[in-house]
1. Please determine whether any residue of segment 69-88 is farther than 21 Å from Glu155 by Cα and of a type in the set (A, V, I, L, M).
2. Going through segment 77-99 one residue at a time, which ones are surrounded by 16 or more Cβ atoms within 10 Å (Cβ to Cβ) and farther than 20 Å from Ala202 by Cβ?
3. I need every pair where a residue in segment 113-142 that is under 26 Å from Leu3 (Cα atoms) has its Cβ under 7 Å from the Cβ of a residue that is among the basic types (Lys, Arg) and open to solvent by less than 40 Å² (accessible area, probe 1.4 Å), sequence separation at least 6 or different chains.
4. Somewhere in segment 151-161, is a residue modelled with pLDDT of 90 or more, open to solvent by 10 Å² or more (accessible area, probe 1.4 Å) and not in a helix (DSSP H, G or I)?
5. Is segment 132-141 home to any residue that is within 30 Å of Val33 (Cα to Cα) and open to solvent by less than 10 Å² (accessible area, probe 1.4 Å)?
Amino acid sequence: MVLVEGQTEKDILESVFAPMAKSRSVYVYPIPVTTSQTPKGPNRGGGTWGNYDHSLRNLLKGTHLSSVGLLIDFYGYPRNAPGYVSNGKGESYRLSLEQALRDHFEDPRFHPLVVKHEIEALALASISAGHSTGAFSAKALKQLIKDVEASGGPEEVNNGPDTSPSKRILRVCPEYRKVQHGRELAELAGAEELLRQCPTFAAWWKSLLEDAPS
């Protein structure tokens, strides 16, 4: 089971990565964090740390689960979550957040990934591999590929919250819709290509599956 920040993460795990795991007889189920309960059902997606903490504690009570993952963007990390500091930045800080999360729950089945830097890194990986959807112009694709190459890879595209992957994509492609186009791009590239281009995501994915019974 993987607790995710929102619908985009759920759709990508569900349609691209879960089938890869299933081929190894490992079953991965992503679920967006619950933010509130309503008469019509739960509202899901993002919110405060309390939403994540409550959901993760409930998941970790499930002794039948071999692994419990967390997928959350670096830029979406809640201010009151373990390890958060207002002036934190850089890779060492991102890694310290993951360690703070592991220390907080103290369960060897727990595998957090603070995504480097946003889930849109996977969309950039797909574009970098030559894939596109109808939302992108040739000029937009050229600029995004240039950004990836200049940064040294899709996961390295970042200069700050205002120049993060999602902001760069929207700047050159205002028609980009995160849920729809993010999933479409990930599906076009496929799991193997995304893992090849995104080593931080790949290391987390590997750790998540390692606990599964063989």
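The values are calculated or read from the model by the stated rules, or taken from the named source; none is laboratory data. A quick note: this is a predicted structure, and the numbers were derived from the prediction, not measured. Cβ placement follows ideal geometry from the backbone for every residue including glycine, while neighbour counts extend to all protein chains displayed. Protein only, heavy atoms only, side chains kept; ligands, DNA and RNA dropped before computing areas. Shrake-Rupley method; radii C 1.70, N 1.55, O 1.52, S 1.80 Å.
1. yes
2. Tyr77, Pro78, Ala81, Pro82, Gly83, Tyr93, Ser96
3. Note: pairs meeting the criteria are Val114/Arg94; Lys116/Arg94.
4. Yes; the residues of segment 151-161 include at least one that is modelled with pLDDT of 90 or more, open to solvent by 10 Å² or more (accessible area, probe 1.4 Å) and not in a helix (DSSP H, G or I).
5. no
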